[in-house]
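Below: the structure, in structure tokens.
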Amino acid sequence: MSTFITLVRDRDSNGAGRRVIDLFDDLRDGHNLISLLEVLAHDTLPREKGRMKFHKIQNVQIALEYLSKKGIRLVNIRSDEIVDGNPKLTLGLIWTIILHFQAFVVLFMGNFTNSEWEIFSVACEITYWSRNNLKDFDGTNLC
């Protein structure tokens, strides 16, 4: 998880350090989610700067629309559910992102750069963390 936090903090487009301590809480405003996508996709996304719930929903919606445009299928994940901190949908969203970008990195395994190895490492760390920390939640079955 520390690699994930470092990558997001280092690549934050606003210059302010991003912190992810509680996954369900720290993704709610959409800023960390957008930062994660910017790091993984090497792209820049727009952001709403306000702090009202509307702005948070808009930021998460920006991230969800970006994923859809990249051909990543999102099933029943709505921006308001992420903003409300729904753990099941937040994990589903993060898992979907991991699977997409992990597959992307594996395709180029022969030509890994340092940043690609870091992305692959992020996926492995999140998988490990998820398995160890979510095994006691009802309905959570991670491979």
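Being of a type in the set (Lys, Arg), in a helix (DSSP H, G or I) and either modelled with pLDDT of 80 or more or touching a Phe, Trp or Tyr at 6+ places or on another chain (Cβ under 9 Å) (or both) is the filter here, so list the residues in segment 7-57 that pass it.
Those that are of a type in the set (Lys, Arg), in a helix (DSSP H, G or I) and either modelled with pLDDT of 80 or more or touching a Phe, Trp or Tyr at 6+ places or on another chain (Cβ under 9 Å) (or both): 53, 56.
What is the residue count in segment 63-74 for residues that are part of a helix (DSSP H, G or I) and either more than 16 Å from residue 42 (Cα to Cα) or not hydrophobic (A, V, I, L, M, F, W, C) (or both)?
Selection size over segment 63-74: 5.
I'd like the full set of residues that are more than 21 Å from residue 38 (Cβ to Cβ) and surrounded by 15 or more Cβ atoms within 10 Å (Cβ to Cβ), limited to segment 56-87.
Within segment 56-87, 78, 81, 84, 85, 86 meet the criteria.
Among what's in segment 22-39 and is acidic (Asp, Glu) and open to solvent by less than 60 Å² (accessible area, probe 1.4 Å), pick the residue that is farthest from residue 85 (Cα to Cα).
Filtering first and then ranking leaves 38.
Taking the stated definitions as given, is residue 42 within 15 Å of the chain's Cα centre (by Cα), exposed (fewer than 13 other Cβ atoms within 10 Å of the Cβ) and of a type outside the set (Gly, Ala, Ser)?
On the way: within 15 Å of the chain's Cα centre (by Cα): yes; exposed (fewer than 13 other Cβ atoms within 10 Å of the Cβ): yes; of a type outside the set (Gly, Ala, Ser): yes.
Taking the combined requirement at face value, the residue satisfies it.
Test residue 75 against the criterion of being among the hydrophobic types (A, V, I, L, M, F, W, C), more than 14 Å from the chain's Cα centre (by Cα) and at pLDDT below 90, and give yes or no.
Yes: the conditions hold for residue 75.
So which residues in segment 59-99 are acidic (Asp, Glu) and out of contact with any Lys or Arg (no Cβ under 8 Å at 6 or more places or on another chain), if there are any at all?
Selection gives 65, 80, 81.
The values are calculated or read from the model by the stated rules, or taken from the named source; none is laboratory data. Values in this document were obtained by computation on a predicted structure and should not be read as measured data. All Cβ positions, glycine included, derive from the backbone under ideal geometry; neighbour counts span all protein chains shown. Please note that ligands, DNA and RNA were not included when accessible areas were found on the heavy atoms of the full protein model with its side chains. Shrake-Rupley method; radii C 1.70, N 1.55, O 1.52, S 1.80 Å.
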